[in-house]
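Worksheet: one structure, shown below.
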Amino acid sequence: MNCDRISETETDSRWITAVLSANQAVWDHDFERNQHYLSDTWRTLRGLTIDDDIPLSTEEWFTTIHANDVAHLHEEWRQIDAGETDIINYKFRQRHKDGHWVWFLSRGRVVRRDPAGLPARIVGTDTDITDIKTVELESQRMTQRLAVAMEAAGMGRWELNLDTGEAYWDDRMLQMLAVKDGKNNRPGQDWLQYVHPDDRDEVYPYLADRVEQKLDIERDYRILNTEGEAIHIRALAKFVDNAETGPRYYGVNIDITHDKLQTEELEKARALMEYESRHDALTKLANRRKLDEVFSEHVANSRSGVSVLHFDIDHFKQINDTLGHDAGDATLQHAADILRRHITGDALVSRVGGDEFVALMFKALDEQALQTTAEAIIREMCLPFEYRSQKCAVGISVGIATSKNCEAGDNSLFINADLALYEAKKAGRGRYRFYSPSMKEEARCRKHTFDALAAGIEKGEITCHYQPQFDAATLELSGLEALVRWEREAFGLFMPHQFLGVAEDMGILPDVDDVVLRRVLHDINKWERAGIHVPPISVNVSASRLNDPTFADQLRTFDIPVGMLSFELLESAFLDTKNNVVDRNLDVVNELGINIEIDDFGSGHASIASLLAVSPKRLKIDHALVSPIDTSERQRDLVKNIIGIGHMLGIKVVAEGVETAAHIEILQAMRCDFLQGFGLSRPMDGTNTGHFLSTTAEARAARKQA
């Protein structure tokens, strides 16, 4: 075969053209002749011109190399110097003249070695691979970031070859399953053994169906690793089928155990909060919110009748005040247990606040059945129960209302039960009452009275009348009792029994007390400025006023003449409210020189011990006991014994309700200390009282002169 011979010059020209076209830098180092050739491209790639110095010594050259590449270049050169290889093939970074780094791929070979075996001549090329290396490094960084993100997210990567049935699990998958053999390539069926036994009935059919239909996979379920730990995973996989890979699934399993458990805990917490928002923490009964919701959902649109029983614990405040709030809590729990036992079936029992409970009974019950339930609850609540070895005695009052008195879905059912409860308590507690329409009218009257009374307090309509008290032996004036009156414009004078009950129910009785006290102090000051001698005056103080923690501080703001005032405490009210607040207020009362009197003695249940504890200066015998002494020997003996008890304790005794000369004579014989009643003097307003005091003083002075 004939072929044209190519000249050596032509061959060199072609190689030079190829090298220049590839933008490769040529270098040739002949160490024996100390000749070094660096092509123009070599300089250009480094930003050097023909006039720039070229580092020729090894030490100088290394100053231009990236610090992270120095070590491996030393190792490459060591191998070449040692004759371990004649091939040059390494990558490094060298600083460009502008200051940035340029990646080079250096390739060449040792052309000749000297007698000592060291390289005598080396020839090669440098190729700028900065663009390639940048892409490579970015790819590595992306891979590293992905690996870190997958590890942080608890992801394990896997592949499944549907043609071969072989699977690939990365190391994170092995770690997730606690597999120790380190094998990444495994049979595809291996996965099924790790599915949690309780989830297999749902997961196996799901996976089989998706694979059969070549559909993507997205499923949350549990796996059980080799250490028996249950792990919640989210399996996500994409089906891919192409000529290069064949049908495959590429997927990840994400460990969502923490999120799942956190979600479950949050759901439990939400359910608990939801429960607690609708139940009373102390008794575990439904609360007002739950009651309202159930009423709205199940009762408002119901055609069947419903009933409401509203309960209020009697003497609950006394338990709290005498035995403490822990005993009060025990009382509430005791009441809740009784209500649960007696109200069963289709009903909701709730605590709606304080010592009040409401039972909503969904099925219509006749009045007899409701009465039987109420009586059973009252009967059991009246039985004393033990709290820390102490007997606690309370009771319960019940108001009953049925839907027959209400419009369908009308919330007045609860209002009616509350009105019935009010009547039960007013009747003496420990009772039940059924709602009747007349109760609503009475409630309207009370509300009207309250509104008028509140306005009357603001307008100064509350005033005082004074009833004189007399020394029983001499019938000389010894004192006055301030009696509250309500003088309404266009309506006239209202007596205490017509409005004080409403004032107490509506919580404004302390305001009335305050007005009376201020009026008495004003009148004392006015009379004294007029030169009128004023005897001691007694003022009624309500239980609510005495239980006010601010009462003592309020008293200190008044200018109260020492010995001029006495506070009359109702016997029953005092005993019902005795506690630390009462004791503190009484201490301040004594400190300010105000005397204590017990009013209506004999109508309540005061004990000798309580009288000794309070140390009143006087006690007043209730008029109901005094009135029959002129006709009943038994009543005379009773009053005589009360006077004797008072004297034995060093307490002066006042008899009220003295209406006849016989009353005066009998009480004088019993050595009663003071008398008060219509038989001696009726109450008078402030103006007439001033005239009475002046006239009395003048008469006394006249008698002394005579």
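We did not get these values from a lab; they are worked out from the coordinates using the rules stated. Note that the structure is a prediction, hence the values are computed from the model and not measured. In this analysis, Cβ positions are derived from the backbone assuming ideal geometry, glycine residues included, and neighbour counts consider all displayed protein chains.
Points to keep in mind about this one:
- Shape call, the range 279-435: gyration tensor on alpha carbons, a/c limit 1.5: prolate
- Under-5 Å amide H pairs with Leu570, H placed in peptide plane, nonlocal only: Val541, Asp599
- Lys/Arg +1, Asp/Glu -1 at C-beta; the range 51-205 dipole; positive extreme among Val203, Met176, Gly124: Gly124
- Rounded to the nearest 0.05, the FRET efficiency derived from the C-beta distance between Ser389 and Arg340 at R0 = 22 Å is 0.30.
- Two-site FRET efficiency, Arg518 against Glu659, from Cβ-Cβ distance with R₀ of 35 Å, rounded to 0.05: 0.65
- Taking the number of Cβ atoms within 10 Å of each Cβ as an exposure proxy, the fewest-first ranking of His196, His623 is His196, His623.
- The helix-only estimate of mean residue ellipticity at 222 nm for the chain, built from DSSP H runs of length n ≥ 4 each weighted as -39500 (n - 2.57), is -13000 deg cm²/dmol after division by the residue total.
- From phi via Karplus (6.51, -1.76, 1.60), per-residue ³J(HN,Hα) for the range 377-394 in Hz, x at Gly/Pro: 5, 4, 4, 6, 5, 6, 6, x, 10, 8, 9, 6, 6, 10, 7, 10, 10, 9
- Aspartates and glutamates whose Cα lies under 15 Å from that of Lys214, excluding same-chain neighbours fewer than 8 positions away: Glu159, Asp163, Asp241
- Computing FRET efficiency as 1/(1 + (r/R0)^6) for Ala613 and Glu274, where r is the C-beta to C-beta distance and R0 is 51 Å, gives about 0.55.
- The range 48-149 - convex hull of alpha carbons, volume per residue in Å³: 136
- Equivalent ellipsoid of the range 82-217: semi-axes from √(5λ) of the C-alpha gyration tensor, largest first, are 52, 20, 14 Å.
- Protection proxy ranking of 270-276, 447-453 - average other beta-carbon atoms within 10 Å, highest first: 447-453, 270-276
- Separation of the Glu136 and Leu162 label points, Cα + 7 Å toward Cβ, nm: 3.7
- Entries of Lys317/Lys404; Lys526/Lys704; Lys290/Lys447; Lys91/Lys183; Lys183/Lys260 with Cα pairs more than 32 Å apart: Lys317/Lys404; Lys91/Lys183
- About the centre of its Cα atoms, the chain shows a dipole size close to 2500 debye [charges on the beta carbon of Lys, Arg (+1) and Asp, Glu (-1) only; nearest 20 debye].
- Student exercise, the range 20-128 dipole from Lys, Arg, Asp, Glu Cβ charges, in Debye to nearest 20: 260
- Under the Karplus curve 6.51 cos²θ - 1.76 cosθ + 1.60, θ = phi - 60°, whole-Hz ³J(HN,Hα) for the range 158-163, x wherever Gly or Pro sits: 8, 9, 9, 8, 6, 6
- Long-range tail of P(r) for the chain (Cα pairs > 37 Å, %): 68
- Placing pseudo-labels 7 Å out from each Cα toward the beta carbon at Arg289 and Asp30 gives an inter-label distance of 9.7 nm.
- Cα→Cβ-extended label distance, 7 Å offset, between Lys404 and Asp51, nm: 12.1
- Tilt relative to the chain, helix 633-648 - C-alpha long axis, 0 to 90 degrees, to 10: 60
- Rounded to whole Hz, the Karplus (6.51, -1.76, 1.60) HN-Hα couplings of the range 421-433, x for glycine and proline: 4, 4, 5, 5, 5, 5, 6, x, 6, x, 9, 10, 9
- Extension gain, Ser436 back to Leu105 (0.36 nm per residue minus Cα-Cα distance, nm): 108.7 nm
- Pair-distance distribution P(r) for the range 153-261, from all Cα-Cα distances in 10 Å bins starting at 0: 14, 50, 31, 4, 0 percent.
- Taking amide H positions as modeled 1.01 Å from N, with prolines and chain starts lacking one, the residues under 5 Å from Gly479 and 5 or more places away or on another chain are Gln469.
- Gain on full stretching of the segment that runs from Ala369 to Ala443 - 0.36 nm per residue minus C-alpha separation: 23.9 nm
- Neighbour-count order for Trp101, Trp42, fewest beta carbons within 10 angstrom listed first: Trp101, Trp42
- Ranking of Thr130, Thr557 by neighbouring Cβ atoms within 10 Å, starting from the fewest: Thr557, Thr130.
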